[in-house]
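Structure record follows, encoded as structure tokens.
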Amino acid sequence: KDKKPKVIFSYDSEEKKWLRFGKSGTSDITTIESGKGYWIYMKAYDVLIVQRLPTPEPPALPTTYHLPAGWCLAGFTETTSMSASDYLESLEPGSYFRWIYVWNAANQEWDMLDTKQDSAGTLNPGQAFWIYLYTDQDLIPPIP
């Protein structure tokens, strides 16, 4: 069976529309953007290897990801697991829906993660999540 990704989708949170990479059953994405989430359709189970360029010098200021009001598909950018509340701590309290949605590929189902400080779920490297924001916000991942 062909294990190559067939189609890759991303969601443009500003325009509120899906972006499709790939034509005629083959993916043609060559770069992915930090902080964005991607859906990858595979015909069979496989390990997807993502190659990176050498890590550049850290920026003077942390990277900021703009999340517009409404539904946003955002990527978890950390290399180690972290509680959802810690990752989202830069967002204004009450500016987003308490629960975020993460696709569990192993179980082929959605997981709902609580973002409340004392009961927060855990985000893992390589995951993306859906979040609903009541107002435009800037997400600034915490500095480890």
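The values are calculated or read from the model by the stated rules, or taken from the named source; none is laboratory data. These figures come from a predicted structure and were not determined experimentally. FYI the Cβ positions are ideal-geometry reconstructions off the backbone, even for glycines, and counts take in every protein chain you see. To get the accessible areas, we keep the full protein, side chains included, count just its heavy atoms, and leave off ligands, DNA and RNA. Shrake-Rupley method; radii C 1.70, N 1.55, O 1.52, S 1.80 Å.
What is the residue count in the stretch 69-115 for residues that are small (Gly, Ala, Ser) and in contact with a Pro (Cβ under 9 Å, 6 or more places away or on another chain)?
We begin by selecting, within the stretch 69-115, every residue small (Gly, Ala, Ser); these are 69-70, 74-75, 81, 83-85, 90, 94-95, 105-106.
So of that shortlist, the ones also in contact with a Pro (Cβ under 9 Å, 6 or more places away or on another chain) come out as 81, 90.
The qualifying residues number 2.
Matching residues to (1) farther than 22 Å from Leu139 by Cβ; (2) in contact with a helix residue (DSSP H, G or I) (Cβ under 8 Å, 6 or more places away or on another chain); (3) outside any loop (DSSP other than H, G, I, E, B); (4) at pLDDT 75 or above:
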residue	(1), (2), (3), (4)
Asp28	yes, no, no, no
Ala44	yes, no, no, yes
Arg52	no, no, no, no
Thr55	no, no, no, no
Pro62	no, no, no, yes
Ala74	no, no, yes, yes
Thr77	no, no, no, yes
Leu91	no, no, no, yes
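What tally of residues in the stretch 116-136 results from selecting those that are open to solvent by 70 Å² or more (accessible area, probe 1.4 Å), assigned to a loop (DSSP other than H, G, I, E, B) and either over 16 Å from Gly37 (Cβ atoms) or in contact with a strand residue (DSSP E or B) (Cβ under 8 Å, 6 or more places away or on another chain) (or both)?
Adding up the residues that qualify gives 3.
The rows are residues; the columns are (1) modelled with pLDDT of 85 or more; (2) open to solvent by less than 20 Å² (accessible area, probe 1.4 Å); (3) part of a helix (DSSP H, G or I).
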| site | (1), (2), (3) |
| --- | --- |
| Ile40 | no, no, no |
| Asp86 | yes, no, yes |
| Tyr101 | yes, no, no |
| Asp111 | yes, no, no |
